[in-house]
């Protein structure tokens with residue numbers, strides 16, 4: 001019934017030091033069909049695609065292209081085998097023209113010079129194949145994100161690939177641009193190209209894909225036609241059966257008052273009319289898939305990204321004031337998953353890192369009192385049980401869990417009323433995770449409101465008092481503490497009612 | 001020519017160039033007129049050649065501040081060969097330029113092979129090459145024989161030979177930048193080196209080439225200058241690297257690479273500095289004030305460009321095809 005797949009990856013295994021990224025993973029893609037590749041973070045999608053791109057070599061397994069085994073030792077071999085990639089991250093050259101962007105690594109030449117005429121003509125043809133009449137002479141830096149992406153697709157098409165891999169291509173597109181991209185994918189499909197489409201957006205998969213392959217922990221757990229399963233089933237495949245650990249013992253303030261009220265926060269194309277409240281001493285889970293706008297919402301709240309509209313009200317000691325995001329950023333603690341990049345001064349010591357935001361409190365006449373600094377840091381190291389040889393140890397040399405504790409220690413010293421935690425346990429081992437969650441719990445007990453983002457449901461269900469479900473930048477549901485994992489998973493496949501109407 | 005006039009009108013550098021020219025024409029009656037302009041074009045030609053090489057490196061997002069010392073080493077070797085009559089004149093020139101190429105190769109090995117930031121790497125070689133040159137000359141003067149000296153000030157009709165040569169070199173560089181794969185790819189590298197690498201541009205090979213060219217052009221500039229003044233001194237090329245960078249950037253090439261028109265930038269930038277220098281000479285200003293004024297001119301030109309083009313995009317308008 002079905003033609004033999006153009007690409008078949010069989011029993012692919014790959015281990016990196018300390019991690020098994022792929023464990024006998026399978027993947028098949030047909031010509032003239034869109035195959036969605038999905039999986040939670042760390043499921044092995046990128047490793048699988050890097051193997052396909054010749055960037056990473058496989059430990060075991062075979063890859064067949066049109067029934068013939070291929071080695072894929074280098075990116076060049078991958079290109080020769082007919083693969084084309086459109087990366088999530090745009091590889092644009094903004095000061096250069098559309099045609100130059102398309103042909104930069106292999107210009108058509110006449111004698112020594114670039115044959116601009118041929119270059120523009122062929123660019124126009126490639127773009128027309130994508131249904132676009134962009135001027136090849138236009139400067140790419142002046143184009144919209146969607147048009148820049150078309151230029152990159154045109155660059156990939158230049159080699160006439162028989163398989164095109166789109167790695168989360170819609171992450172930064174507007175709805176209109178997304179629709180156009182899907183039209184492009186459909187027309188490429190009609191031209192007989194096999195398409196692998198990586199996405200976190202469940203609704204998109206049902207809109208565009210014919211087949212779907214689900215990876216979880218390096219294994220292929222589902223592979224088949226999209227039509228054969230429901231959205232809820234797909235999400236369940238992605239997340240797997242959950243190992244529940246008992247809820248952590250809780251102590252919450254007796255009469256919590258509303259601390260923060262956010263009304264109609266908007267950021268064009270990213271955050272869509274978000275309203276919610278947080279009470280003192282409450283842990284609220286912001287539950288959504290990657291790319292749903294979780295991080296973006298947090299960044300907008302603390303003023304790291306601009307907002308287009310919305311109000312933030314802060315209540316303390318019976319008084320409510322309206323504040324801007326920058327002010328909220330000063331009042332709230334913000335811990336990100338990227339502790340090395342955003343959170344810590346890696347070259348400095350543990351002690352220096354801990355006291356950094358509170359230098360004024362331990363200074364006199366503008367000079368830091370070293371004795372006070374050491375006492376303050378020592379208190380925090382003890383309180384959080386940070387494992388370090390001394391407070392002079394460089395923070396870069398701590399383990400991940402202890403680094404994250406150092407980030408927490410920094411905020412605790414200032415006793416913030418609100419903590420925003422974005423994947424605070426990413427990359428930590430089980431014990432370190434539990435310690436961080438216990439800390440979150442303890443802080444809530446002392447009256448701090450916590451907004452917690454995690455991709456791991458079993459983690460959220462251990463500490464959260466409430467859940468806000470975020471899909472495509474909108475809060476689509478609010479679930480109580482008693483919500484089951486099943487309910488939470490189902491909630492992710494909710495679709496924005498307005499999109500159905502559209 | 002039309003595009004050059006366009007650039008003069010559109011860029012801050014063009015306005016500053018006109019302004020300085022007008023100011024000195026008013027201040028010193030002898031300044032205005034074609035004769036002095038040709039004289040300025042003569043004196044500026046070594047800088048145009050050095051800046052053309054610098055522009056290639058800056059376009060790719062790197063810096064080569066060893067060019068002044070490279071020019072000095074080439075000048076020293078050239079002067080020794082000519083003084084002692086070791087080789088005929090054309091061979092002396094070829095050897096000197098080859099030496100520049102080799103010094104460029106040293107830079108390339110450090111920048112590409114050892115992956116050291118180009119600013120730091122060439123800061124090191126700037127000092128080292130100067131030391132190399134001084135040990136060749138013992139820091140003394142080497143006076144060229146009279147027969148050779150005259151070559152430096154040879155003119156065909158009203159145009160000096162070195163002016164024509166410098167402009168020809170600059171036009172070739174402009175053509176290479178605008179119309180060849182190499183030129184486009186170094187611009188791509190200047191846009192974003194990581195992206196260029198991902199797209200499949202041979203970034204390392206291209207970078208090596210830019211540094212080789214920069215070395216060869218610096219040596220050429222050094223030889224032209226030596227012929228003009230007829231003597232090699234330990235001060236040759238001193239400060240030339242900064243004037244070259246300033247000329248390129250003031251003219252409109254982005255210091256971060258990837259943007260700008262090399263032809264107009266190098267001409268405008270080099271001319272601004274030479275006009276200021278010649279003008280100050282003719283009004284009889286204290287020679288020690290030259291650098292002070294040049295520094296001020298850099299700020300005025302950059303500020304004028306920011307006002308004219310809009311902050312952050314200096315050079316974009318020069319780049320677009322009209």
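Taken over region A:82-118, the residue count meeting the criterion of being in a helix (DSSP H, G or I), surrounded by 22 or more Cβ atoms within 10 Å (Cβ to Cβ) and either more than 9 Å from chain B (Cβ to nearest Cβ) or touching a strand residue (DSSP E or B) at 6+ places or on another chain (Cβ under 7 Å) (or both) is 3.
If you go through region A:183-203 and pick out every residue that is under 21 Å from the mean Cα position of the chain (by Cα) and either at pLDDT 90 or above or crowded, with 19+ Cβ neighbours inside 10 Å (or both), you end up with 7.
Taken together, the residues in region A:295-341 that are surrounded by 15 or more Cβ atoms within 10 Å (Cβ to Cβ) and in a loop (DSSP other than H, G, I, E, B) amount to 7.
Considering every residue within region B:207-219, establish whether at least one is under 30 Å from residue A:103 (Cβ atoms), within 13 Å of the chain's Cα centre (by Cα), within 14 Å of chain A (Cβ to nearest Cβ) and surrounded by 16 or more Cβ atoms within 10 Å (Cβ to Cβ).
Taking region B:207-219 first, the residues under 30 Å from residue A:103 (Cβ atoms) are B:207-217.
Imposing the further condition that a residue be within 13 Å of the chain's Cα centre (by Cα) reduces the set to B:213-217.
From what's left, within 14 Å of chain A (Cβ to nearest Cβ): none.
No: region B:207-219 contains no residue that is under 30 Å from residue A:103 (Cβ atoms), within 13 Å of the chain's Cα centre (by Cα), within 14 Å of chain A (Cβ to nearest Cβ) and surrounded by 16 or more Cβ atoms within 10 Å (Cβ to Cβ).
Taking the listed residues A:134, A:150, A:164, the one that is away from chain B (no Cβ under 14 Å), in contact (Cβ under 8 Å) with a residue 12 or more places away in the chain and part of a helix (DSSP H, G or I) is A:150, with no other qualifying. Just one of the listed residues (A:255, A:233) is without any contact (Cβ under 8 Å) to a residue 24 or more places away in the chain, part of a loop (DSSP other than H, G, I, E, B) and more than 19 Å from the chain's Cα centre (by Cα), and it is A:255.
Kindly indicate which of B:264, B:226, B:220 is touching a strand residue (DSSP E or B) at 6+ places or on another chain (Cβ under 7 Å), more than 30 Å from residue A:89 (Cβ to Cβ), in a helix (DSSP H, G or I) and in contact (Cβ under 8 Å) with a residue 24 or more places away in the chain. Lay out the reasoning, then the answer.
Details: B:264 fails: touching a strand residue (DSSP E or B) at 6+ places or on another chain (Cβ under 7 Å); B:220 fails: touching a strand residue (DSSP E or B) at 6+ places or on another chain (Cβ under 7 Å).
Sole residue among the options that is touching a strand residue (DSSP E or B) at 6+ places or on another chain (Cβ under 7 Å), more than 30 Å from residue A:89 (Cβ to Cβ), in a helix (DSSP H, G or I) and in contact (Cβ under 8 Å) with a residue 24 or more places away in the chain: B:226.
Cβ-Cβ contacts under 7 Å between residues 6 or more apart (or on different chains), taken from a first residue in region B:193-206 that is free of Cβ contacts under 8 Å to residues at least 12 places away in the same chain and on the phi > 0 side of the Ramachandran plot to a second residue that is surrounded by 15 or more Cβ atoms within 10 Å (Cβ to Cβ) and outside any helix (DSSP H, G or I), are listed as B:200/A:105. Residue A:69 meets the conditions (1) in a helix (DSSP H, G or I); (2) modelled with pLDDT of 90 or more; (3) surrounded by fewer than 22 Cβ atoms within 10 Å (Cβ to Cβ) in every case but one. The failed one is (1). Looking at this structure, is residue A:206 crowded, with 18+ Cβ neighbours inside 10 Å and either farther than 23 Å from residue A:491 by Cα or modelled with pLDDT of 90 or more (or both)? So residue A:206 passes the test. Which of the residues spanning region B:164-177 are more than 9 Å from chain A (Cβ to nearest Cβ) and without any contact (Cβ under 8 Å) to a residue 60 or more places away in the chain? Once the filter is applied, which keeps residues that are more than 9 Å from chain A (Cβ to nearest Cβ) and without any contact (Cβ under 8 Å) to a residue 60 or more places away in the chain, region B:164-177 yields B:164, B:168, B:172. Does region A:8-30 include one or more residues that are in a loop (DSSP other than H, G, I, E, B) and at pLDDT 90 or above? Yes - at least one qualifying residue is present in region A:8-30. The requirement of being assigned to a loop (DSSP other than H, G, I, E, B), within 14 Å of chain A (Cβ to nearest Cβ), crowded, with 23+ Cβ neighbours inside 10 Å and modelled with pLDDT of 90 or more is not satisfied by residue B:237.
Tell me which residues, restricted to region A:369-381, are over 25 Å from residue A:439 (Cα atoms) and touching a helix residue (DSSP H, G or I) at 6+ places or on another chain (Cβ under 6 Å). Spell out how you get there, then give the answer.
Within region A:369-381, the subset over 25 Å from residue A:439 (Cα atoms) is A:369-371.
Residue satisfying the conditions is A:369 alone.
If you filter region B:195-206 down to residues that are in a helix (DSSP H, G or I) and facing chain A (nearest Cβ under 9 Å), you find that the one that is surrounded by the most Cβ atoms within 10 Å (Cβ to Cβ) is B:196. Residue count for region A:33-45 satisfying the condition of being outside any strand (DSSP E or B), touching a strand residue (DSSP E or B) at 6+ places or on another chain (Cβ under 8 Å) and closer than 24 Å to residue A:337 by Cα: 5.
If you check residue A:352 against the conditions, is it touching a helix residue (DSSP H, G or I) at 6+ places or on another chain (Cβ under 9 Å) and surrounded by 14 or more Cβ atoms within 10 Å (Cβ to Cβ)? Considered against the rule, which asks whether it is touching a helix residue (DSSP H, G or I) at 6+ places or on another chain (Cβ under 9 Å) and surrounded by 14 or more Cβ atoms within 10 Å (Cβ to Cβ), residue A:352 comes out as yes.
Could you list, in sequence order, the residues of region A:281-293 that are modelled with pLDDT under 90 and within 20 Å of residue A:465 (Cα to Cα)?
Within region A:281-293, the first condition is being modelled with pLDDT under 90, and the residues that meet it are A:281, A:288-293.
Within region A:281-293, A:281, A:288, A:289 qualify.
Annotation: residue A:44 fulfils all but one of (1) on the phi > 0 side of the Ramachandran plot; (2) in contact with a helix residue (DSSP H, G or I) (Cβ under 9 Å, 6 or more places away or on another chain); (3) crowded, with 19+ Cβ neighbours inside 10 Å; (4) more than 14 Å from chain B (Cβ to nearest Cβ); the unmet one is (2). Taken together, the residues in region B:157-177 that are modelled with pLDDT under 95 and more than 18 Å from residue B:50 (Cβ to Cβ) amount to 3.
When region A:62-81 is examined, which residues are found to be more than 12 Å from chain B (Cβ to nearest Cβ) and touching a residue at least 12 places away in the same chain (Cβ under 8 Å)? First the steps, then the outcome.
So the first thing to find is which residues in region A:62-81 are more than 12 Å from chain B (Cβ to nearest Cβ), and the list is A:62-73, A:77, A:80-81.
Listed by number, the residues that qualify are A:62, A:63, A:64, A:65, A:66, A:67, A:72, A:73, A:77, A:81.
Exactly one of these conditions fails for residue B:253: (1) touching a residue at least 60 places away in the same chain (Cβ under 8 Å); (2) away from chain A (no Cβ under 14 Å). Give me its number. Unmet for residue B:253, out of (1) touching a residue at least 60 places away in the same chain (Cβ under 8 Å); (2) away from chain A (no Cβ under 14 Å): (2).
The values are calculated or read from the model by the stated rules, or taken from the named source; none is laboratory data. Just so we're clear, the structure is a prediction, and the values are computed from it rather than from any experiment. Because the Cβ atoms are built from the backbone with ideal geometry, glycine has one as well, and the counts that use them run over all protein chains shown.
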